[in-house]
Amino acid sequence: MAFYYVEPEVAGGLGKNTVTDTTIHPPGIVKLHYRIINWLGDALLESFPALIITHAAAAALNEAGVSGMTCREVEITVSESFQEIYPERKLPEFLWLCVTGRAGRDDLGIADDSRLVVSEHALAILKPFGLNNALIESYGSAS
């Protein structure tokens, strides 16, 4: 099976209510608060070292039995500029995507360089939900 690096859209950053464990690298996150500044519509978002995913995309991955992931609750807020630019925009429900798998073995894993690695199977499930702003490249070609 083929595997791919997926570098998701960065729609914001870690919010002030995020709790991290900085005694390890990359920092561990105990509680995630993601603050959206400008969301272009992708189902998978990132702010190092955290990933969030729409509830619908996560449900599809779970239903397909994708390995290497669990989901947790995430606090989502939007910036003032987001509210001003998109006053009528309703955000989907997001979840914190915790990647637990091994890169190149499980459907979702984290490579040694901290990038997300996704199997061809998982990528096919995610694409219909929107990955238009993600950088996707072969796992074997980029070192």
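What's the exposure ranking of H55, H33, H25, going from fewest to most Cβ atoms within 10 Å?
Going from sparsest to densest Cβ surroundings: H25, H55, H33.
Considering the options T77, N17, P27, tell which one lies farthest towards the positive end of the dipole of region 3-138, charges being +1 on Lys and Arg and -1 on Asp and Glu at the Cβ, about the Cα centre.
N17
GNM, the chain, Cα, under 10 Å: largest mean-square fluctuation among I24, I125, I76?
I24
Name the lysines eligible as straight-distance cross-link partners of K127: C-alpha to C-alpha under 26 Å, and not fewer than 8 places from it in the same chain.
Those lysines meeting the cut-off are K90.
Restricting to Cα pairs below 8 Å that are 6+ residues apart, what does the relative contact order work out to for the chain? Please round to a whole percent.
Here the relative contact order equals 33 percent.
Within region 71-115, whose backbone N sits under 11 Å from a point 7 Å along Cα→Cβ of N17?
Under 11 Å, as judged by backbone N against the label point of N17, lie 74-78 of region 71-115.
Please rank K90, K31, fewest neighbouring Cβ atoms within 10 Å first, as an exposure proxy.
Result, fewest neighbours first: K90, K31.
If amide hydrogens are placed 1.01 Å from N in the peptide plane, which non-local residues have theirs closer than 5 Å to the one on L135?
Sorted by chain and number, the residues that satisfy this are E7.
Listing V117, V30, V10 from the residue with the fewest other Cβ atoms within 10 Å to the one with the most, what is the order?
Ascending Cβ contact count within 10 Å gives the list V30, V10, V117.
For the chain, place one equal point scatterer on every Cα, skip the solvent, and apply the Debye formula. What is log10 of I(q)/I(0) at q = 0.09, 0.15, 0.20 Å⁻¹?
-0.26, -0.73, -1.26
Taken together, the values in this text are just the output of simple stated rules run on the coordinates, not laboratory data. Since we're looking at a predicted model, the values are computed, not measured. As a convention, Cβ positions derive from the backbone with ideal geometry for all residues, glycine included, and neighbour counts pool all protein chains shown.
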